[in-house]
Amino acid sequence: MTATDLNLVKYQADRLFQRKRLFGFGIPAVIAVYFVYIFFAFDLPGLAQRANMDNAVTLASDSWSYKVHVTRDNRTGVVDYAVEGERKGRYPQGQRPDWVTGDEIVTVDLGAGHIVRYLPDNRTEVEIPGFPMITAQAEGRTVITNLPDDLPDWISASSRRVGITTPEGRITLTGARTEVFNYFPGWELFWFTLDSPYHGQGLTTILFGAQIDPARGNISGALSDWWNNAMWRHKDVAWAIGETILMAFLGTMGAAIIALPLAFLAAKRFSPIMLVRAATRRLFDFVRGVDALIWTVVLARAFGPGPLTGALAIVITDTGTFGKIFSESLENVDQKQIEGVASTGAKPLQRYRFGVIPQVVPVLLAQILYFLESNTRSATIIGAITGGGIGLMLTQAIQTQKDWEEVAYYITLIIAMVMFMDWFSGWLRGKLIGRKD
């Protein structure tokens, strides 16, 4: 071996050593620097300080429970009882929960020894086991109490407002009103509101019992009251889900119809003019390069809010995606089938119809059905921006910061809708293509 060969071997060995050193030490160092950057860029220490587990627990519990408000107006002395404090959930005149008793002195038994008494002259007493009796007097906009200066964490007090949080419920006292919140598991009034004659009736009674409402049959009346439930708005929810699915369907199918002929212009095999191909491909890049949410905002300014705006946003974005997918499928068709159709004297359009389309249909349908399923999820977010579908109702429920059980209801329906579309697209794919995922 000559000196030149030895130098070459040494050079290659040094290169190999440097490469191993780079991969052995350089990559872990880059990863470590990356995680350090994340630590400070995302302000993880500040996030840990701002995190409030009590709020998280309250939010989680509100999603599967409801509260009944017992509210006294300190100006009139009138006591109201309402589920979630809403007019739609107010108890009818003369009715109230069985854990509230008394007339001149209204006693609210929260359970486990926690008792609140509404006394005359806007006075309130609160009994909590292991803590001295709390008394409060509302005078104008001021609340006067016997609370000590050193308060536990579960009591917040000022001259204008007193808040007491216990495992059995919450009490809020202000100059204007005194309010007790009693929590219960479940979604109250989900089937019937308090003013419905079917509220509190069992399924067996409704189906097989005596007629409850003299003016209506049990089944038809129960279905009508459930469908028109003002608290949970089942009719509006069903309409919103229909809008969401329609938005996804129109957007997906409209994009596929537009993209298919344009895909022929973007495929080299069917469009020999390079300028036409390049222009079509850049068009696909442009419309799919802008996210559907951005198109939604732009179109909402142009056409106003509504489900049609969301469908158009999906059409624009998916036209670019479908155009790229379809053109790539057209590039891979079997030329022999096209030649076979051409040998029969078929014209160019007939060659495409009988020689090309049958080859790409399975791929096209599979992609269209997949995007239909995916766009069903996207239409929920788009609907929150354009003002249509279940996404709008979900956003409104979140913005109230109190209807978390409705948020849980809408999320459950969205998951069920996506699962149904997944099953439906798989079933339809099997029927049209002859196979399933």
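Remarks
- Of all residues in the stretch 346-390, those satisfying the criterion of being of a type in the set (A, V, I, L, M), touching a residue at least 40 places away in the same chain (Cβ under 8 Å), farther than 18 Å from GLY254 by Cα and open to solvent by 10 Å² or more (accessible area, probe 1.4 Å) are ILE381, ILE385.
- Any chance THR135 is of a type in the set (S, T, N, Q), in a strand (DSSP E or B), under 20 Å from ARG170 (Cβ atoms) and open to solvent by less than 50 Å² (accessible area, probe 1.4 Å): no
- Across the stretch 117-132, the qualifying residues are those that are more than 24 Å from VAL78 (Cβ to Cβ) and open to solvent by less than 60 Å² (accessible area, probe 1.4 Å), and the one among them that is modelled with the lowest pLDDT is PHE131.
- The stretch 194-212, residues that are open to solvent by 40 Å² or more (accessible area, probe 1.4 Å) and assigned to a loop (DSSP other than H, G, I, E, B): ASP195, PRO197, HIS199, GLY200, GLN201, ALA210, GLN211, ILE212
- Residue that is least open to solvent (accessible area, probe 1.4 Å), among those in the stretch 243-293 that are farther than 26 Å from VAL356 by Cβ and not in a helix (DSSP H, G or I): VAL290
- Filter result (over 33 Å from the mean Cα position of the chain (by Cα) and surrounded by 18 or more Cβ atoms within 10 Å (Cβ to Cβ)) within the stretch 80-105: VAL100
- Residues (out of contact with any Lys or Arg (no Cβ under 7 Å at 6 or more places or on another chain) and either within 21 Å of ALA176 (Cα to Cα) or free of Cβ contacts under 8 Å to residues at least 60 places away in the same chain (or both)) located in the stretch 92-105: GLN93, GLY94, ARG96, ASP98, VAL100, THR101, GLY102, ASP103, GLU104
This table checks each residue for (1) in contact (Cβ under 8 Å) with a residue 40 or more places away in the chain; (2) within 30 Å of ARG351 (Cβ to Cβ).
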site: LEU203; (1), (2): no, no
site: GLN211; (1), (2): no, no
site: ASN218; (1), (2): no, no
site: ALA222; (1), (2): no, no
site: TRP239; (1), (2): no, no
site: GLU243; (1), (2): yes, no
site: ALA266; (1), (2): yes, yes
site: VAL287; (1), (2): no, yes
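- Being under 17 Å from TYR409 (Cα atoms), open to solvent by less than 30 Å² (accessible area, probe 1.4 Å) and part of a loop (DSSP other than H, G, I, E, B) holds for only one residue in TRP187, TRP232, TRP191, and it is TRP232.
- Residues being more than 13 Å from the chain's Cα centre (by Cα), open to solvent by 30 Å² or more (accessible area, probe 1.4 Å) and more than 14 Å from ALA60 (Cα to Cα) - total across the stretch 392-431: 9
- Meets criteria (out of contact with any helix residue (DSSP H, G or I) (no Cβ under 9 Å at 6 or more places or on another chain) and assigned to a loop (DSSP other than H, G, I, E, B)) for PRO305: no
- Output for the stretch 106-138, where each listed residue is within 19 Å of ALA176 (Cα to Cα), charged (D, E, K, R) and in contact (Cβ under 8 Å) with a residue 12 or more places away in the chain: ARG117, ASP121, ARG123
- Only one of the numbered conditions (1) at pLDDT below 90; (2) of a type in the set (A, V, I, L, M); (3) in a helix (DSSP H, G or I) is not met by ALA215, and that is (3).
- Just one of the numbered conditions (1) open to solvent by 20 Å² or more (accessible area, probe 1.4 Å); (2) closer than 25 Å to THR280 by Cα; (3) at pLDDT 80 or above is not true of THR296: (1).
- Residue within the stretch 119-126 that is of a type in the set (Val, Ile, Thr) and more than 37 Å from the chain's Cα centre (by Cα) present: yes
The values are calculated or read from the model by the stated rules, or taken from the named source; none is laboratory data. Predicted, not measured: the structure shown is a model, and the values here were computed from it. No Cβ is skipped: glycine too gets one built from the backbone with ideal geometry, and neighbour counts run over all protein chains shown. To get the accessible areas, we keep the full protein, side chains included, count just its heavy atoms, and leave off ligands, DNA and RNA. Shrake-Rupley method; radii C 1.70, N 1.55, O 1.52, S 1.80 Å.
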